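Okay, so here's the structure we're looking at.
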Amino acid sequence: MTLDLSPQAEARLIAKAQESGLSLEAFIEKLISDGDVKASVPIGRTPKLPVWDLGARGELHRRDIYEDEC
């Protein structure tokens, strides 16, 4: 299997593997088997979604924004 990673992501993975005392391959296998890839190795910035204060309006539904939703 081949992974195409940015040089920054690869460097972060290598650093984490070295901190754990594992080879890069063993570290990635451990991440996958633990099912915790995102929490252990942040690959990029997670975009933040806007939070809207709707006051008394309540929840905002898709139908409130788009006309195709009945």
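The values are calculated or read from the model by the stated rules, or taken from the named source; none is laboratory data. As the structure is a computational prediction, the values presented were derived from the model and not from experiment. Note that each Cβ is placed from the backbone with ideal geometry, even for glycine, and that neighbours are counted across all protein chains shown. In case anyone asks, the SASA skips ligands and DNA or RNA and just uses the protein heavy atoms, side chains included. Shrake-Rupley method; radii C 1.70, N 1.55, O 1.52, S 1.80 Å.
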Among residues of the stretch 1-28, those that are free of Cβ contacts under 8 Å to residues at least 24 places away in the same chain and charged (D, E, K, R), counted: 4
Return only the number of the condition from (1) at pLDDT 70 or above; (2) β-branched (Val, Ile, Thr); (3) assigned to a loop (DSSP other than H, G, I, E, B) that Ile14 does not satisfy. (3)
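Look through the stretch 17-38, keep the residues that are assigned to a helix (DSSP H, G or I) and charged (D, E, K, R), and return whichever of them is surrounded by the most Cβ atoms within 10 Å (Cβ to Cβ).
Here is the first cut: in the stretch 17-38, the residues assigned to a helix (DSSP H, G or I) are 17-20, 24-34, 37-38.
Retained after the next criterion (residues that are charged (D, E, K, R)): 19, 25, 29-30, 34, 38.
On the way: Glu19: 9, Glu25: 9, Glu29: 12, Lys30: 14, Asp34: 10, Lys38: 10.
Residue satisfying both the conditions and the ranking: Lys30.
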What is the one condition in (1) open to solvent by 90 Å² or more (accessible area, probe 1.4 Å); (2) modelled with pLDDT of 70 or more; (3) of a type in the set (Ser, Thr, Tyr) that Thr46 does not satisfy? (2)
